[in-house]
Amino acid sequence: MSVRVLSGDARVLKDEYVREMILQKGLTRIKIDVDDAAKISQILSQNTLFSSFLIDVVDYSEWKKEDQKQLLEQIQKTSIPVILRSSSPMKGHDSIDLSLPKPWEREKWLEYIRERFKKHSLPFQVDALEVFFHLVGPDDLLIEREIEKLICVGEKVTPEIVKNFVFNHSKMQIDEMCFSVSLGDQKRAHEVLSKILYYAEPVFVVNSLSRHFIDLYKILSFVEKRDDYSWPYIKDISEKLDVPTVRAARFLGFTFKGQPRAINHLQIYDFEKLESILNQLQVLDGEMKSSENKTILIHLFIDFVSEIIGGRT
């Protein structure tokens, strides 16, 4: 049984790795996500219908522990090659680390963008990379989307070309919207959400909000309430709880140099409030699958959170 783990947070590189593997080996890809956990045995039992295919588990880290165990037990019984996309390496399995630079590692992001331009055989001026990063920010999916635009332009990429054709995402990152929501800043949250929905699907936004509040629940469950926290402590908590370091830092009120003052979420939330919000997110997730007014539903959720925590309008 061949199981390979793609660890890290590089979504584009993971997609690319799987595509190249499929092409090189002539495989048929079978995508499996957390919604398939309950029927994993049924899916794997159908492998005789295919001469050669690959199981691609796209969100292994999000599975419940018992479902992860069942999946591993099931795939050990087959001869099917399996890719597990995970946030971190797994002991006992061949792992490839596909991690992105940290948000503040500007030079590494510029190098990443340089390599993506080269990957797409896109000629460029070096100074265009800085302008590109300033507009798009540290988000591999957005970087890829904007590179696709530049490919269509069909010219050597200059700072002027970037300014004319690349959308400015720098002030509307998903995380900023999520923190505006969790801080009860309705006005800012509504504004940023409206901009985000120009380039992101509503379902993606809801998934991001879910991860945000689930991570906050982890923090609330395991971290002792204090007025402030040291950076080493935050890094340790981040690793233990599998919460992105920057997100954990902002939840705990750690302010990075040159950034607006962060607010300690543990001074705002208790379990009752968070459980109400998580229950509402579950309802929202169900409504998103059937409603035609997905955008309105997310805006209503913003108001719900603000009401729960007595936020700002």
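The values are calculated or read from the model by the stated rules, or taken from the named source; none is laboratory data. Just so it is clear, the structure is predicted and the values come from calculations on it, not from any experiment. All Cβ positions, glycine included, derive from the backbone under ideal geometry; neighbour counts span all protein chains shown. For accessibility, only protein heavy atoms count, side chains too; no ligands or nucleic acids. Shrake-Rupley method; radii C 1.70, N 1.55, O 1.52, S 1.80 Å.
List the helices (runs of 4 or more DSSP H) inside the range 1-115, counting only whole elements, that have at least 3 residues being in contact with a helix residue (DSSP H, G or I) (Cβ under 8 Å, 6 or more places away or on another chain) and closer than 30 Å to Q125 by Cβ.
Values: elements: 11-25, 40-45, 65-75.
Answer list for the range 1-115: 11-25.
Report the residue count in the range 146-184 for those that are open to solvent by 30 Å² or more (accessible area, probe 1.4 Å) and in contact with a strand residue (DSSP E or B) (Cβ under 7 Å, 6 or more places away or on another chain). Summing the residues that are open to solvent by 30 Å² or more (accessible area, probe 1.4 Å) and in contact with a strand residue (DSSP E or B) (Cβ under 7 Å, 6 or more places away or on another chain) in the range 146-184 gives 1. Residue selection: V205 fails the criterion of being closer than 26 Å to V131 by Cβ and open to solvent by less than 70 Å² (accessible area, probe 1.4 Å).
The residues in the range 276-313 that are open to solvent by 60 Å² or more (accessible area, probe 1.4 Å) and over 24 Å from the mean Cα position of the chain (by Cα) can be counted, and the count is 5. For the range 238-272, residues that are more than 19 Å from the chain's Cα centre (by Cα) and at pLDDT 90 or above total 14.
Every condition in (1) part of a helix (DSSP H, G or I); (2) under 15 Å from R211 (Cβ atoms) holds for V243 except the one numbered (1). The number of residues in the range 22-35 being over 17 Å from the mean Cα position of the chain (by Cα) and either touching a residue at least 60 places away in the same chain (Cβ under 8 Å) or open to solvent by 50 Å² or more (accessible area, probe 1.4 Å) (or both) comes to 8.
For first residues located in the range 205-225 and in contact (Cβ under 8 Å) with a residue 60 or more places away in the chain, partners that are crowded, with 18+ Cβ neighbours inside 10 Å and not aliphatic (A, V, I, L, M) and lie 6+ apart or on another chain with Cβ distances below 6 Å form the pairs L209/C178.
Residue by residue, here is whether (1) open to solvent by less than 60 Å² (accessible area, probe 1.4 Å); (2) of a type in the set (D, E, K, R) holds:
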residue	(1), (2)
R4	no, yes
A10	yes, no
K14	yes, yes
E20	no, yes
A37	yes, no
L54	yes, no
Y60	yes, no
W63	yes, no
S88	yes, no
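Number of residues in the range 194-233 that are out of contact with any Ser or Thr (no Cβ under 8 Å at 6 or more places or on another chain) and in a helix (DSSP H, G or I): the value is 23. Residue count for the range 104-118 satisfying the condition of being closer than 17 Å to C152 by Cα and either free of Cβ contacts under 8 Å to residues at least 12 places away in the same chain or loosely packed, with under 13 Cβ neighbours inside 10 Å (or both): 1.
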